[in-house]
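Undergrad: Got a structure for you, written out below as structure tokens; questions coming shortly.
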Amino acid sequence: MTAHEIDYKIYGEEMQYVEIELDPQEGVVAESGSFMMMDDGIKMETIFGDGSKNDSGFLGKILGAGKRILTGESLFMTAFYNTVPGKKSVSFAAPYPGKIIPINLTEYQGKFICQKDAFLCAAKGVSVGIEFSKKLGRGLFGGEGFIMQKLEGDGMAFVHAGGTMSRKVLQAGEVLRVDTGCIIGFTQTIDYDIEFIGGIKNSIFGGEGLFFAKLEGPGIVYVQSLPFSRLANRVLASLPKGGNSKGEGSILGGLGDLLDGDNRF
């Protein structure tokens, strides 16, 4: 194996974290901000790119950095190594309520395609890059689902799903249509494209966006019920206008705002 062989355990229900057990000299890479805790003896190191064999050499590092810029991610990742004898553990937490999904890349012919913000962490040696689309429609109309990352190698990787996760196994020619933001990821055998919903009423009054993702089998698709963008939009919509939160949730809230002396007639 080119990737480090790691053991893991996932804890929790709604707000999960994954604990990764490292043998001496084993390592794991993660996006900035996902670290939770680690045992004494674990060394943390910021690396340029993902530290995989595809990222070796100066040119490889520059290309890797360019791909990460396109996905909107940082130029750097964080690597954690066990530098002492004996097994040590490091844990990474999900960024918001949902599920952590373990992906064994050897079961998917060495490649898995996922949303750009779904990746959580992976065994050292797994390559994290951008999945380039050859279809113009994806680039123009793909929205959330357009910029996809590819995880390549023969080790374990972990992705995060918002809300409840659904795993769909598609047969050859079977089609699944999904909101672009609800895609977590899929195997490389899935044919992925963007489709226009169609219809004047759907386009103007539907409220679901003009495009959705068309996923055609054979292969496996992971879908999430609560994309972070949807959660963020609901939170923003619920914020009081002007930042004034007096009386929120109260039947007298509006009257309280009138009587607090801040309003002028």
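Undergrad: Could you give every pair whose Cβ atoms fall below 6 Å, whose first residue belongs to the stretch 1-15 and is within 10 Å of A94 (Cβ to Cβ) and open to solvent by 100 Å² or more (accessible area, probe 1.4 Å), and whose second residue is of a type outside the set (A, V, I, L, M) and not in a strand (DSSP E or B), counting only separations of at least 6 or pairs across chains?
TA: Between residues of the stretch 1-15 that are within 10 Å of A94 (Cβ to Cβ) and open to solvent by 100 Å² or more (accessible area, probe 1.4 Å) and residues that are of a type outside the set (A, V, I, L, M) and not in a strand (DSSP E or B), the close pairs are E14/P97; M15/P97.
Undergrad: Residue by residue through the stretch 201-219, note down the ones that are at pLDDT 80 or above, under 21 Å from the mean Cα position of the chain (by Cα) and crowded, with 18+ Cβ neighbours inside 10 Å.
TA: The initial filter retains those residues of the stretch 201-219 that are at pLDDT 80 or above, namely 212-219.
Pick out the ones that are also under 21 Å from the mean Cα position of the chain (by Cα) and you get 212-215, 219.
Across the stretch 201-219, the qualifying residues are F212, A213, L215, G219.
Yes or no, residue by residue, for (1) modelled with pLDDT of 90 or more; (2) open to solvent by less than 30 Å² (accessible area, probe 1.4 Å):
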| position | (1), (2) |
| --- | --- |
| P95 | no, no |
| Q115 | no, yes |
| F119 | yes, yes |
| G137 | no, yes |
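Undergrad: Among residues belonging to the stretch 75-92 that are at negative phi and out of contact with any strand residue (DSSP E or B) (no Cβ under 8 Å at 6 or more places or on another chain), point out the one that is most open to solvent (accessible area, probe 1.4 Å).
TA: Across the stretch 75-92, the extreme among qualifying residues is P85.
The values are calculated or read from the model by the stated rules, or taken from the named source; none is laboratory data. Model, not experiment: these values are computed from the prediction. Glycine gets a Cβ as well: all are built from the backbone with ideal geometry, and neighbour counts include every protein chain shown. Ligands, DNA and RNA are stripped out before the accessible areas are found, and what is left, the full protein with its side chains, is counted by its heavy atoms. Shrake-Rupley method; radii C 1.70, N 1.55, O 1.52, S 1.80 Å.
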